[in-house]
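The values are calculated or read from the model by the stated rules, or taken from the named source; none is laboratory data. Predicted, not measured: the structure shown is a model, and the values here were computed from it. When we count neighbours, we look across all protein chains shown, and the Cβ atoms used for this are built from the backbone with ideal geometry, even at glycine. Heavy atoms of the whole protein, side chains included, go into the accessibility calculation; ligands, DNA and RNA do not. Shrake-Rupley method; radii C 1.70, N 1.55, O 1.52, S 1.80 Å.
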Amino acid sequence: HGRKALILPCLGRTEKDVQVTGVQSVSVEDSMSMVHLSRGMKRPASTHLLSEPAIIAGIARATLPDGPTPWQEYVDDYDRIRDVMQRALDGFEDFNRRVRGPHGFRLRQPARERIFLTPSGRAEFSLAPLADPTPGEGLLTLATVRSHDQWNTTIYSADDRYRGVRNLRTLVFLNPADMRERGLSAMDRVDITSVAKDGGRRTVHGYLAVPYEVPPGCAVGYMPELNVLCPLGDFSAQSDQPLMKHLAVEITPSAVDSEA
């Protein structure tokens, strides 16, 4: 949200990363908590591209030139980074050997093994009322999600196998009853306007309305496209996180279409 930003192009995951000691592999964690190595095979798009570790280490070295951390040694050989990680992080013991196994190794998650690190030694649940269970007259509660072909904010394609969508991300999933109430048909263009606690309003235009089995009074769309609707001042007092699962929005036929 700064007034100025720097965009630092870097090597992609599919591009070969060659440092002083040879071709490097980065360690990654997949959605199944498996940690394994990723090594690019393609020729880099430019000889001027740096790797992510090289960029971060370069910034650190320029910022703290007299610091004791051997940044350049880490860039020369990523195994040295993993050597430090195994000393600092629980569960990463013998990191470099284990990560080179056929499938890497699984991060230990006690709860998955029915080991609960609670005072009672058992799973503990609590019930807390929602602060604002209804968003207001004529409003819907919008949650943002990611698609099947997406990892966090990295979008690999515009398809979503989870929800039967192909080549489309500028959409909003709506309950059919809510669509009828607003005079909307499938694939109509709509404008989505968020209503902040301070009265501020933010709008995206021309999204497609897609009927889906979401609860009445709710709507669902993709992040990061809809992050723009979340006001800076609307965040959870408990977790300090933006309210991207609980935005009060107004959805109307698109003004762009009506003007056309």
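Within segment 135-192, if we keep just the residues that are closer than 22 Å to Asp30 by Cβ, open to solvent by 30 Å² or more (accessible area, probe 1.4 Å) and polar (S, T, N, Q), the residue that is modelled with the highest pLDDT turns out to be Ser157. Taking (1) surrounded by fewer than 16 Cβ atoms within 10 Å (Cβ to Cβ); (2) in a helix (DSSP H, G or I) in turn, Phe116 satisfies each apart from (2).
Assess whether Val26 counts as being touching a residue at least 40 places away in the same chain (Cβ under 8 Å) and closer than 30 Å to Pro242 by Cβ. When the stated conditions are applied, Val26 passes them. What do you reckon, is Leu6 open to solvent by less than 90 Å² (accessible area, probe 1.4 Å) and under 28 Å from Asn227 (Cβ atoms)? Here the answer is no, as Leu6 does not meet what is asked. Of all residues assigned to segment 225-236, none qualifies as being open to solvent by less than 40 Å² (accessible area, probe 1.4 Å) and β-branched (Val, Ile, Thr). Kindly check whether there is at least one residue in segment 93-113 that is closer than 19 Å to Ser25 by Cα, basic (Lys, Arg) and either in contact with a His (Cβ under 6 Å, 6 or more places away or on another chain) or part of a loop (DSSP other than H, G, I, E, B) (or both). There is at least one residue in segment 93-113 that is closer than 19 Å to Ser25 by Cα, basic (Lys, Arg) and either in contact with a His (Cβ under 6 Å, 6 or more places away or on another chain) or part of a loop (DSSP other than H, G, I, E, B) (or both). When the criteria are applied in full, Arg122 fails the requirement of being without any contact (Cβ under 8 Å) to a residue 40 or more places away in the chain, open to solvent by 100 Å² or more (accessible area, probe 1.4 Å) and outside any loop (DSSP other than H, G, I, E, B). With respect to Asp178, determine if the residue is assigned to a loop (DSSP other than H, G, I, E, B) and either over 23 Å from the mean Cα position of the chain (by Cα) or hydroxyl-bearing (Ser, Thr, Tyr) (or both). So Asp178 fails the test. Inspect all residues belonging to segment 95-110 and state whether any of them is in contact with an Asp or Glu (Cβ under 8 Å, 6 or more places away or on another chain) and modelled with pLDDT under 95. Checking segment 95-110: at least one residue is in contact with an Asp or Glu (Cβ under 8 Å, 6 or more places away or on another chain) and modelled with pLDDT under 95.
Filtered by the rule that a residue be outside any loop (DSSP other than H, G, I, E, B) and touching a strand residue (DSSP E or B) at 6+ places or on another chain (Cβ under 9 Å), segment 181-191 gives Arg189, Val190, Asp191.
Inspect all residues belonging to segment 67-78 and state whether any of them is assigned to a helix (DSSP H, G or I), under 21 Å from Thr154 (Cβ atoms) and not small (Gly, Ala, Ser). Checked segment 67-78: at least one residue is assigned to a helix (DSSP H, G or I), under 21 Å from Thr154 (Cβ atoms) and not small (Gly, Ala, Ser). Annotation note: of Ala128, Ala143, the sole residue that is aliphatic (A, V, I, L, M) and part of a loop (DSSP other than H, G, I, E, B) is Ala128.
Give segment 237-259 a look and list any residue that's open to solvent by 90 Å² or more (accessible area, probe 1.4 Å), at negative phi and out of contact with any strand residue (DSSP E or B) (no Cβ under 8 Å at 6 or more places or on another chain), or say none. Those that are open to solvent by 90 Å² or more (accessible area, probe 1.4 Å), at negative phi and out of contact with any strand residue (DSSP E or B) (no Cβ under 8 Å at 6 or more places or on another chain): Ala237, Gln238, Ser258, Glu259.
Of all residues in segment 11-49, those satisfying the criterion of being open to solvent by less than 30 Å² (accessible area, probe 1.4 Å), under 30 Å from Arg112 (Cα atoms) and either touching a Pro at 6+ places or on another chain (Cβ under 9 Å) or of a type in the set (Gly, Ala, Ser) (or both) are Ser25, Ser33, Ser38. The residues of segment 59-96 that are in contact with a Phe, Trp or Tyr (Cβ under 6 Å, 6 or more places away or on another chain) and open to solvent by less than 40 Å² (accessible area, probe 1.4 Å), listed by number, are Ala60, Arg82. Output the residues belonging to segment 204-224 that are open to solvent by less than 80 Å² (accessible area, probe 1.4 Å), at pLDDT 95 or above and more than 16 Å from Glu181 (Cα to Cα). Of everything in segment 204-224, those that are open to solvent by less than 80 Å² (accessible area, probe 1.4 Å), at pLDDT 95 or above and more than 16 Å from Glu181 (Cα to Cα) turn out to be Val204, Gly206, Tyr207, Leu208, Val220, Gly221, Tyr222.
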